Structures are given as structure tokens and as C-alpha cells.
1. Take each of the peptides 162-169, 199-206, average the number of other beta-carbon atoms within 10 Å over its residues, and list them starting from the highest.
2. Name the shape class, rounded, prolate or oblate, that the alpha-carbon gyration tensor gives for the chain, where a ≥ b ≥ c are the square roots of its eigenvalues, rounded holds for a/c under 1.5, and otherwise prolate holds if a/b is larger than b/c and oblate otherwise.
3. Amide H of residue 112 versus every other amide H placed in the peptide plane: which residues, excluding those fewer than 5 positions away on the same chain, fall under 5 Å?
4. Which of rounded, prolate or oblate describes the stretch 4-82 when judged by the alpha-carbon gyration tensor and an a/c cut-off of 1.5?
5. Using a cut-off of 11 Å between beta-carbons, work out the net charge of the residues near residue 314 (Lys and Arg +1, Asp and Glu -1, residue 314 not included).
6. For 2, 305, which order do you get if you count the other beta carbons within 10 Å of each Cβ and list the fewest first?
7. If one computes the Cα centroid of the stretch 265-300 and of the stretch 166-245, what distance in Å separates the two points?
8. Could you list 254, 140 in order of exposure, starting from the residue whose Cβ has the fewest other Cβ atoms within 10 Å?
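Read-outs throughout are calculated quantities, based only on the coordinates presented, and are distinct from any laboratory measurement. All values reported here derive from a predicted model rather than from experimental measurement. Cβ placement follows ideal geometry from the backbone for every residue including glycine, while neighbour counts extend to all protein chains displayed.
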Amino acid sequence: MSSELDRLRESIDAIDDRILAALNERAKLARTIGTLKVGHAYRPEREAKVLTRIKGANAGPLADETVAYLFREIMSACLALERPISVAYLGPKGTFSEAAAKKHFGLAADAVAAPSIDEVFREVEARAADFGIVPVENSTEGAVGRSLDLMPNTPMKVCGEVVLRIHHHLMSKSAKDFASVRRVFSHSQSLAQCHEWLNTNIPDAERIAVSSNAEAARRAADEVNAAAVAGDMAAEHYGHTILASNIEDEPNNTTRFLILGDYEPTPCGRDKTSLVLSARNRAGAVYEMLTPFATRGVSMTKFESRPSRVALWDYLFFVDIEGHRTDANVAAALEEVQRIAGYMKVLGSYPAAVL
Ligand SMILES: O=C(O)C(=O)C[C@]1(C(=O)O)C=C[C@@H](O)C=C1
């Protein structure tokens with residue numbers, strides 16, 4: 001006699017068959033689309049539209065974020081069937097950059113660890129990887145200088161952004177509690193982001209800054225009563241036990257990454273454009289240079305200055321605006337800014353992060 005539970009499970013099996021058939025039908029269409037495309041099969045503007053549409057169409061009870069993640073993976077698998085893609089990230093395995101690569105491209109993409117931010121740029125420029133992902137800013141620690149410094153000279157385009165909530169955990173293989181932790185390894189930015197928590201909970205443990213959180217997890221795994229401050233992926237990769245979760249001082253700790261590649265996305269409706277500018281060296285020059293954005297109704301979402309490294313007290317300005325470079329008001333504003341600025345490079349127009 002079939003119980004209520006068995007009947008419900010049979011219904012789920014029948015639905016799973018329909019989902020499976022629909023998934024394969026979708027995959028076949030994507031594969032055909034793949035044969036029609038020239039260049040990269042990856043189309044971030046289309047992916048952003050699919051995810052935005054699915055979130056809008058979702059009737060629940062699954063959350064919009066949940067269905068978006070499921071469709072992220074479906075598209076990742078469909079893309080791999082068209083043409084597998086590789087993505088260089090700042091390694092080693094277990095870094096937040098790897099988590100950002102997986103969040104943006106899904107699990108079917110081939111994520112390749114590079115030893116430095118410079119090497120991520122080089123791999124994409126040399127076509128050793130299809131795309132690269134680099135961190136550009138953290139909500140508590142500010143700009144990632146090296147990523148910005150390499151932007152003006154790369155022939156690659158910015159073709160996407162990823163926003164990742166950063167959760168740090170205290171993890172160890174050998175220490176069973178806070179009291180037995182003698183040394184804590186982490187990247188200097190992460191030690192800074194967890195400064196208050198470390199002062200309160202393990203004030204006597206020595207803090208050692210290393211090149212990445214993943215490297216910290218590796219070092220801590222080899223040493224008795226050592227711990228690391230790192231993320232979930234590093235804990236999993238090095239087999240640590242998490243002694244305390246989410247120890248970052250700022251609960252909204254977020255890092256923004258940019259995707260680099262030899263591809264210029266067309267508009268998707270919710271786009272951003274990244275630029276580098278330099279102002280002529282006279283009073284009011286920066287104000288004057290940015291005025292066309294205000295008069296054309298273009299919103300600026302980021303303004304960051306960095307020494308140009310060409311002349312003393314000479315600066316480059318990294319600016320993000322809303323809209324695509326081909327939108328009429330953006331194109332008109334850029335034309336005026338170009339005339340006023342000493343130098344302007346459009347790094348790329350790309351879909352604003354959906355996930
Ligand atoms: O529409 C396309 O161009 C596709 O290749 C299909 C698809 C998808 O699965 O929806 C797959 C990969 C692209 O990055 C964008 C979308």
C-alpha cells in the first residue's frame with residue numbers, strides 16, 4: 001500500500017523527468033546558438049537578461065535569489081556544452097577570488113589559479129585564459145591598488161562585475177578552542193577586517209600576514225595550534241574545523257571584482273561603464289571634467305584617485321557611471337569629458353551585477 005510519502009515522491013519523480021527533458025531541450029538550443037556565434041560563446045549581457053527575467057517571473061515559494069543561482073548553473077552548463085571557457089583568478093585555490101569566479105561563471109567554467117594580479121592580466125592578454133577576474137575594491141579596506149594600476153595599459157576590456165559578501169571565519173585543524181590558538185595566519189586586509197574580533201577573543205595570539213587567505217589556511221594546516229582567518233572555500237580545501245564564523249568587524253563587508261576579456265558586451269538595460277581619466281593641472285579641472293555627467297543626467301557610482309606614477313602629484317581618476325557607452329546620454333557626456341580631460345580611456349561597458 002502506497003503511503004502519502006510515496007505518492008508525493010512519485011509526483012516529484014514525474015516533475016524531475018519534466019525538468020530533465022526541459023533542461024536537455026534548453027541545452028540543445030544553446031548548443032545550436034553556439035554554432036551561430038563568432039568569437040566568445042559567453043555573453044554576459046544575455047546572461048544578465050536571463051537572470052533578471054527569471055527573478056521577475058518567479059512566483060515562489062523559492063526565493064528570487066535561489067532561482068537566480070539555479071539558472072546561473074544551468075547557463076554555466078549550457079555554455080560549457082557550446083564551448084568550455086577558462087577563467088584566471090588570483091589563487092591559490094580557496095581564495096575569495098575563486099569564490100567570485102564560481103559565483104559569476106558557475107561551476108562548469110574552468111577556473112585557473114594565477115599567482116598574482118599581474119599574472120591574471122597576463123594570462124588573459126596572452127589568450128591563455130578566456131577571461132580573468134580581479135578584485136578592485138573592498139567596502140571596508142578601499143581600493144585594490146594593483147588591479148587599478150594595471151587597467152590603463154591593458155588592451156582587454158572590462159566585461160562584467162561581481163559583488164561578493166566576504167565572510168571570514170577562524171579555522172584550525174589542531175586547536176580545539178580559542179584559548180589554544182597561538183598563531184593566526186591571514187592576508188593583511190583580512191586581519192584588518194577582523195581586528196576588533198581578534199583583539200577581544202584571542203588577544204594573545206600572534207598575527208602573521210601572508211600573501212592570501214588560502215595561503216594562510218595552508219600554513220595553519222601544517223602547524224600545531226595555528227589558526228587561519230579565511231573563507232569557506234579555504235576551510236573546505238584544507239580540511240579545517242571552523243572555530244568561529246563570520247568574525248568580520250563590519251557585517252556588510254563586500255568585495256567588488258571586475259571581469260576582463262577580449263569582449264565588449266552590448267547593452268542589457270542595466271549597465272555600467274568604467275573609465276580612467278586624468279585632469280589637466282589647473283584649478284577646478286576635476287570639477288569641470290566631471291560636469292558633463294551631471295548635466296547629461298549620468299549617475300556616477302564610483303570615483304577613486306591613484307597616483308599616475310608618471311609625474312609627482314599627478315593623478316589618475318577611476319570613475320564608474322551608470323549606463324552603457326552607446327546610450328545616447330552617456331555617449332554625449334563621454335564625448336564632452338574626452339574633450340575636457342587630459343586623458344580618457346573607457347575600460348568597458350558591462351551589465352551591473354545581478355546576483
Ligand atoms: O544566448 C546565448 O548566446 C547562449 O549561448 C545561451 C546562454 C544560456 O544558456 O542562456 C549560454 C551562454 C551565454 O553566456 C548566454 C546564454
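1. Put in order of decreasing packing, that is 162-169, 199-206.
2. Numbers: a/c = 1.96, a/b = 1.10, b/c = 1.78.
In terms of gyration-tensor shape, oblate.
3. 87, 88, 89
4. Oblate, because a/c is 1.5 or more while a/b does not exceed b/c.
5. +3
6. Least crowded to most crowded, the residues run 2, 305.
7. The distance from the Cα centre of the stretch 265-300 to that of the stretch 166-245 comes to 41 Å.
8. 254, 140
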